[in-house]
Amino acid sequence: MLTFDDLLCRARSLAGAGRPRALLGIAGSPGAGKTTLAERLVRELNADGAPWAAHVPMDGFHLADAELERLGRRDRKGAPDTFDAAGYAALLRRLREDTDDVVYAPGFERVLEQPIAGAVPVAPTTRLVVTEGNYLLLGTGSWTRVRAELDEVWFCETDEEERVRRLVARHVEFGKGHQEAVAWVSRSDERNAELVAASRERADLVVRVPV
């Protein structure tokens, strides 16, 4: 089993492979620990001196609730067609190609459950962008363009019971009642998790996150 230090070495090697900027993706089902892993990687990589790694989450490309209402998809928020996948792919391409300017990526405010434009600055000195999200390996629609922009994608997984527990706890933390959270996870999150799990074989590396 790979250690965290092994993952750090692998991430550093991506940035040192002769390209001006590398893009590492971390995929996985909802609640698998993608964000925690991405944030820890960036924090440790930047601990040596001047920051040179940045975290750009996919969640900033959630469609706003008003648009989901217009499209009739509000009750499926989090499904692949409730994101701007083409916009996400375009940002990844710009991050790869534009190393002269600060590139601003959208963030996601969990209390509001809404994307926030221009929330994540990526400096010209950034040599590694770590991006994470459910659908980086999805082989349909504009998601195929996302995979094409990434130098490497890791698939993050953990114990299934723990993953579901985390999801329910997250929904409760940000405003849902317990029963409402359980129902949402069963109806929506787990359906999305099945789609994500089917993309696992396309990953360059499977990372097992300890419970």
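Is segment 75-170 rounded, prolate or oblate when judged by the Cα gyration tensor, a ≥ b ≥ c being the square roots of its eigenvalues, rounded requiring a/c under 1.5 and prolate requiring a/b larger than b/c? Note, shape of segment 75-170 comes out prolate. Our estimate of slack between Glu67 and Glu162, defined as 0.36 nm per intervening residue step minus the Cα-Cα distance, is 31.0 nm.
The stretch between Ala17 and Leu195, if pulled fully straight at 0.36 nm per residue, gains 60.9 nm over its current Cα-Cα span. Take each peptide in 79-88, 113-122, count the other Cβ atoms within 10 Å of every residue, and average; sorted highest first, the result is 79-88, 113-122. Considering only Thr126, Thr140, Thr35, the mean-square fluctuation computed in a Gaussian network model of the chain, springs between alpha carbons under 10 angstrom, is largest for Thr140. Taking 0.36 nm per residue of separation and subtracting the current Cα-Cα distance, fully stretching the chain between Ala183 and Asp5 would add 60.3 nm.
Give the calculated FRET efficiency between Phe174 and Asp48 to the nearest 0.05, with a Förster radius of 35 Å applied to their Cβ-Cβ distance. Computed FRET efficiency for Phe174 and Asp48 comes out at 0.55. Here the Gaussian network model covers the chain, with springs between Cα atoms less than 10 Å apart; of Phe174, Phe155, Phe61, Phe174 fluctuates the most.
Shape of segment 62-127 from the C-alpha gyration tensor: prolate (a/c of 1.5 or more and a/b above b/c, with a ≥ b ≥ c the square roots of its eigenvalues).
Given contacts defined as C-alpha pairs under 8 Å and at least six residues apart, what's the relative contact order of the chain, whole-number percent?
Contact order relative to length: 31 percent.
Restricting to the chain, compute how many DSSP beta bridges are antiparallel as a %, nearest 5. Mind showing how you got there, number by number?
Details: 7 of 24 bridges.
Approximately 30 percent, going by the DSSP bridge assignments.
Largest GNM mean-square fluctuation across Leu63, Leu14, Leu112, computed for the chain with C-alpha springs under 10 Å, falls on Leu112. For segment 104-132 versus segment 1-70, the spacing of their alpha-carbon centroids is 11 Å.
Applied to segment 52-59, the Karplus parametrisation 6.51 cos²θ - 1.76 cosθ + 1.60 on θ = phi - 60° returns per-residue 3J(HN,Hα) values of 9, 10, 9, 9, 10, x, 5, 4 Hz, with x for Gly and Pro.
FYI, it's all coordinate maths here, none of it is from the lab. Since the structure is predicted, the reported quantities are computational estimates derived from the model, not experimental observations. Every residue, glycine as well, gets a Cβ built from its backbone with ideal geometry; the counts of neighbours run over all protein chains shown.
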